[in-house]
Amino acid sequence: MRGLSVPSFYKIMTFKEKVNGLIAEALLEKPSIFLIDLAISDSFKISVGLDGDNGVALQDCIDISRAIENNLDREEQDFSLEVASVGVGSPLKMTRQYKKNIGRTLIVTTNNEKIEAELVEANDVFIILSWKAREPKKVGKGKETVQKEQQIPYTEIKEAIVTVTF
């Protein structure tokens, strides 16, 4: 059996499991911070994307980075590490992100349409968007401004991004 090497796929999986465990452990000490993305390339470049109920501070990224780096052995497996907060223009991926953005304007793309509206509610199954629209009057000529509201299940959302207004 000597001379057999472990396929790189298994090596990456066990390495990823170890990194995932270290992140989960570090996040226990920071309950308002949560993992959005974890990617490990074939060359063992670890990329960690974080978000938080109240945002993510630089110190949060440093703490998570240290928790990973201090518990991995570069002699066993060389790696590079990047820990960052997800950017403002990044698509929302988790229910928790929708809930923290209630009251903000989103651009939501579904299979049928693209809506820019205020997120007024988010639960575990769907979101509710609200916006004003100009529509033809029901009686007479011209248009009137009407308040619209739409419930969209998460399963129908292809992409949702928080808009930034200055």
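Calculate how steeply helix 8-28 sits against the longest principal axis of the alpha-carbon atoms of the chain, using the helix alpha-carbon long axis, and give the answer as 0 to 90 degrees to the nearest 10.
70 degrees
Once Cα extents along the principal axes in Å is worked out from the coordinates, which option in [x] 58, 35, 32; [y] 87, 35, 27; [z] 69, 33, 29 does it equal?
[y]
Give a quick list of GluC sites (Glu not before Pro) in segment 34-97 that DSSP marks as loop, anything other than H, G, I, E or B, with at most 10 other Cβ atoms within 10 Å. Let's see the in-between values first.
Details: sites: 69, 75, 76, 82; in loops: 75, 76.
In loop regions of segment 34-97 (DSSP not H, G, I, E or B), the sparsely surrounded GluC sites (Glu not before Pro) are 75, 76.
So who's got an amide H within less than 5 Å of the one on residue 157, skipping anything under 5 residues away but keeping other chains? H placed 1.01 Å off N, in plane.
Under 5 Å from the amide H of residue 157: no residue qualifies.
Accessible area of segment 7-87 with a 1.4 Å probe: how many percent of it is carbon plus sulfur?
Details: 2340 of 4700 Å².
Carbon with sulfur: 50 percent of the solvent-accessible area.
Calculate how steeply helix 58-69 sits against the longest principal axis of the alpha-carbon atoms of the chain, using the helix alpha-carbon long axis, and give the answer as 0 to 90 degrees to the nearest 10.
It is inclined by approximately 30 degrees.
Taking a 21 Å limit on the Cα-Cα distance, which of the listed pairs 30/100; 93/132; 100/158; 138/158; 30/158 fall beyond it? Walk me through the numbers before you get to the answer.
On the way: 30/100 16 Å; 93/132 26 Å; 100/158 19 Å; 138/158 33 Å; 30/158 30 Å.
The answer is 93/132; 138/158; 30/158.
If exposed trypsin sites (Lys or Arg not before Pro) are those in a DSSP loop with at most 10 other Cβ within 10 Å, what is the longest stretch of the chain that has none?
Value returned for the longest uninterrupted segment is 3-73.
What percentages make up the Cα-Cα pair-distance distribution of segment 92-162 when the bins are 10 Å wide from 0?
20, 49, 19, 10, 1
With each run of n ≥ 4 DSSP H residues scored as -39500 (n - 2.57), what mean residue ellipticity at 222 nm is computed for the chain after dividing by its residue count and rounding to the nearest 500 deg cm²/dmol?
Numbers: 3 runs with 39 residues, N = 166.
Result for the chain, helices only: -7500 deg cm²/dmol.
The values are calculated or read from the model by the stated rules, or taken from the named source; none is laboratory data. This one's a predicted model, so the numbers in the text were calculated from it and none came from an experiment. A quick note on method: Cβ atoms are made from the backbone with ideal geometry, for glycine too, and the neighbour counts reach across all protein chains shown. When the accessible area is computed, the model is the full protein with side chains, heavy atoms only, and any ligands, DNA or RNA have been set aside. Shrake-Rupley method; radii C 1.70, N 1.55, O 1.52, S 1.80 Å.
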